[in-house]
1. For the stretch 65-109, with all protein chains present and a 1.4 Å probe, just round the carbon and sulfur fraction of the accessible area to a whole percent.
2. Just grab the label-to-label distance for residue 62 and residue 157, each label 7 Å out from Cα along the Cβ direction, in nm (one decimal).
3. What's the carbon and sulfur percent of the stretch 132-173's accessible surface, probe 1.4 angstrom, rounded to a whole number?
Amino acid sequence: MKKTFVLALVLALCVSLLAGCGPTGGDSTEPPVTTTEAVPTSQIKTSVPEGTILGKRCRDFTFTTYDGKTYSLYEVLQEKKMVLINMWATWCGPCRSEFPYMEQAYEQYKDDVEIFALSCEATDTDEVLADYVADMGMTFPVGRDAPNIYGDFSTGAIPVSVVVDRFGVICFCEVGSQTSGQLQN
């Protein structure tokens, strides 16, 4: 229960910090802005894997879930305050351990937050993902990392969780299982 609370707290904190991540003014119904202006790093608290640039815009991408639904990052950001992109694989134990907590947090915040769970393992076919999702009881979008978002963050490890605010700005990036994660200085 404590781990669920901490993950939910991280998501809630990320939602509350969104105003500091992107341009100010405007409401959540505005489409993402097209500027590449960076947010001062002093406003962002996180640990950063090498090669990841916090405060910069995440590239737009589209992926298809194991069950055939298509999602585009920037289209979803027109409706949601943020997207949590989680890169993982079915063979990864730490990935498996974070999904129950992620599911509980998603149920609480799904009106404001979308989760994209993208498997970066080539052998994780749609059939493998369907079985995994059924076994884990996941209700958020799950698909393969066909757009190679994982390559953009070049961490060399999984899982990787990235928060993109409603303006398309990368506000948080953390490597490792987020069952008891906290924003770090």
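The values are calculated or read from the model by the stated rules, or taken from the named source; none is laboratory data. None of these values were measured; they are calculated from a predicted model. A quick note on method: Cβ atoms are made from the backbone with ideal geometry, for glycine too, and the neighbour counts reach across all protein chains shown. Just the protein is used for accessible areas: all its heavy atoms, side chains included, with ligands, DNA and RNA removed. Shrake-Rupley method; radii C 1.70, N 1.55, O 1.52, S 1.80 Å.
1. The value for the stretch 65-109 is 47 percent carbon and sulfur by accessible area.
2. If labels sit at residue 62 and residue 157, their model points lie 3.5 nm apart.
3. 47
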